[in-house]
Amino acid sequence: MKKYIYILLVCLFASSCGTYFNQPFTQDKAKTGELTPRSKILEEFPLPKDPVVVGVYNFKDQTGQYKTVENGSTFSTAVSQGATTMLVKALEDSKWFTPIERENLNNLLNERNIIRSTREEFRKTTNPNEPKLPPLLFAGILLEGGIISYDSNIVTGGVGARYFGIGGSSQYRQDRMTIYLRAVSTSSGKILKTVYVSKTILSQAIDASLFRYVNFQRLLEVETGITKNEPVQLAMKDAIEKAVESLIVEGIIDGLWTTEEGPETNQIIVDDYLKEKEAEESTLLYGRIQTPRDYKNAFTFRAFANSVSGDYLKKPLSYGGSVGYSYKITDHLDIAANVSYQKLQSGLTYEKDMVGTDVNLEFLILPYDNFTPYAYIGLGALFDLEEEGPTAQFPKIEDQFKAQLGIGLSFLVSDRIALKGFLESNILFSDELDNVVSGKRDDYYYNFGVGLNYFFGRKRNDTPLEIERLDNN
């Protein structure tokens with residue numbers, strides 16, 4: 001058991017080993033701010049044909065959310081109030097926009113008045129040919145929006161174990177931030193495009209401890225741990241940069257602007273963006289990937305072990321397998337037909353080779369997830385392969401009918417292949433399966449094993465977004 005505890009502790013610390021082995025013991029000097037994964041993508045984006053002059057008056061925190069604390073209250077906001085500055089920086093880094101000062105426009109106008117009045121005085125006394133102050137740039141597009149939500153503790157959880165004074169645990173918490181960014185034409189006031197981006201913020205804590213008597217009256221206590229919080233400022237910077245990138249590509253799609261290289265580069269950018277967007281739109285809040293089942297037909301293959309629960313005390317395991325066909329009636333409901341071969345054993349002497357047929361209704365609990373539990377119920381029959389002689393027939397067919405019900409898990413490996421694990425109970429309508437009639441309860445047996453579904457046929461036309469909308473309704 002101890003080795004399993006050690007393995008668990010190693011796994012816990014391996015998940016955050018970079019932070020754990022770089023703990024701060026000295027003060028750090030000031031340095032250039034960290035980049036996000038999106039920063040490099042934005043800086044390396046293809047150049048535009050003509051940069052667009054944009055103005056940002058106020059991209060503000062609209063959540064009204066304060067930091068959550070375990071005890072007491074706080075007046076510190078959950079997100080930075082410098083979102084406008086971050087947006088201007090992202091616009092500048094992209095090279096697609098020429099941002100102009102609008103957040104502190106009064107300061108700019110006051111300073112220009114000072115310059116203008118100073119030049120007037122200078123012109124009167126020394127240089128009558130002093131040029132006038134050039135006019136301000138005006139924006140063709142205004143960028144509006146803000147941080148519209150900050151949800152705390154959307155997911156919390158952890159894992160831990162302790163054995164004879166040795167133990168460890170890991171905990172996590174996830175918050176979520178959402179921003180909207182829209183482009184508005186200054187000539188008409190028309191909203192040209194709106195984009196919506198969300199970003200999760202992860203906090204983790206791990207700890208391990210040892211509490212052991214190493215000798216008489218000698219107690220050893222060891223504790224270690226670390227807590228790691230994703231900086232909210234970097235998460236917000238990442239979300240804003242993603243919003244700027246989305247705005248650029250959405251503008252290319254709508255013909256608002258174009259790249260310097262022209263249509264071919266535009267198409268490459270748009271294709272990559274739409275592929276990424278399709279994957280993101282098919283993923284729900286908690287990372288659940290929504291994949292529509294594109295095919296209605298499937299061949300099924302199963303291998304399983306079985307155990308007969310009859311009138312004998314000894315219940316040895318045996319084996320079997322089946323092939324079948326299933327058809328999708330709805331996204332949640334399938335109908336399946338199977339033919340199986342299995343060897344049934346019970347007690348010391350009973351052993352028979354049986355062929356079975358069954359028809360089941362299968363219910364997929366999460367039909368659009370790659371990993372889903374499912375349940376099924378149906379009717380079937382068993383036939384004895386060992387009957388011989390002039391009276392050979394499937395004996396007492398009316399007594400060999402059965403009902404089956406089962407549960408399982410299905411994992412979609414690709415759009416055509418799913419792996420399955422299942423547990424099934426088969427209830428016969430007689431007590432004669434093991435050739436012994438005893439008691440009031442009919443015989444039954446269990447199957448448990450693994451299987452594979454191979455999907456085929458014509459693809460459906462549903463998109464992941466349409467499927468998600470249907471699921472939500």
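The values are calculated or read from the model by the stated rules, or taken from the named source; none is laboratory data. Small disclaimer: the values here were computed from a predicted structure and weren't measured. Because the Cβ atoms are built from the backbone with ideal geometry, glycine has one as well, and the counts that use them run over all protein chains shown. Just the protein is used for accessible areas: all its heavy atoms, side chains included, with ligands, DNA and RNA removed. Shrake-Rupley method; radii C 1.70, N 1.55, O 1.52, S 1.80 Å.
Remarks
- Every residue from the range 55-95 that is under 27 Å from Phe45 (Cα atoms), part of a loop (DSSP other than H, G, I, E, B) and not hydrophobic (A, V, I, L, M, F, W, C): Tyr57, Asn58, Ser80, Gly82, Lys95
- For the range 219-269, the set of residues classified as at pLDDT 90 or above and among the hydroxyl-bearing types (Ser, Thr, Tyr) consists of Ser246, Thr258, Thr259, Thr265, listed by residue number.
- Residue within the range 270-285 that is part of a strand (DSSP E or B), surrounded by 13 or more Cβ atoms within 10 Å (Cβ to Cβ), at pLDDT below 90 and more than 25 Å from the chain's Cα centre (by Cα) present: no
- Taking the range 63-95 as the range and being open to solvent by less than 30 Å² (accessible area, probe 1.4 Å) and of a type in the set (D, E, K, R) as the test, only Asp93 passes.
- Any chance Arg302 is charged (D, E, K, R), touching a strand residue (DSSP E or B) at 6+ places or on another chain (Cβ under 9 Å), buried (at least 17 other Cβ atoms within 10 Å of the Cβ) and at pLDDT 85 or above: yes
- The residue pairs whose first member lies in the range 132-145 and is at positive phi, whose second member is assigned to a loop (DSSP other than H, G, I, E, B), and whose beta carbons are closer than 9 Å, counting only pairs six or more residues apart or on different chains, are Gly145/Phe59; Gly145/Gln62.
- Output for the range 96-124, where each listed residue is assigned to a loop (DSSP other than H, G, I, E, B), open to solvent by less than 40 Å² (accessible area, probe 1.4 Å) and touching a helix residue (DSSP H, G or I) at 6+ places or on another chain (Cβ under 6 Å): Trp96
- Scope the range 25-48; condition of a type in the set (S, T, N, Q) and open to solvent by less than 40 Å² (accessible area, probe 1.4 Å); matching residues: Thr36, Ser39
- Strands (runs of 3 or more DSSP E) fully within the range 148-238 counting 3 or more residues that are surrounded by 17 or more Cβ atoms within 10 Å (Cβ to Cβ): 166-185, 191-215
- Looking across the range 49-62 at every residue that is touching a helix residue (DSSP H, G or I) at 6+ places or on another chain (Cβ under 8 Å) and open to solvent by less than 40 Å² (accessible area, probe 1.4 Å), the one that is modelled with the lowest pLDDT is identified as Asp61.
- Residue list for the range 22-48, filter: of a type outside the set (Ser, Thr, Tyr), modelled with pLDDT under 85 and assigned to a loop (DSSP other than H, G, I, E, B): Asn22, Gln23, Pro24, Phe25, Gln27, Asp28, Lys29, Ala30, Lys31, Gly33, Glu34, Leu35
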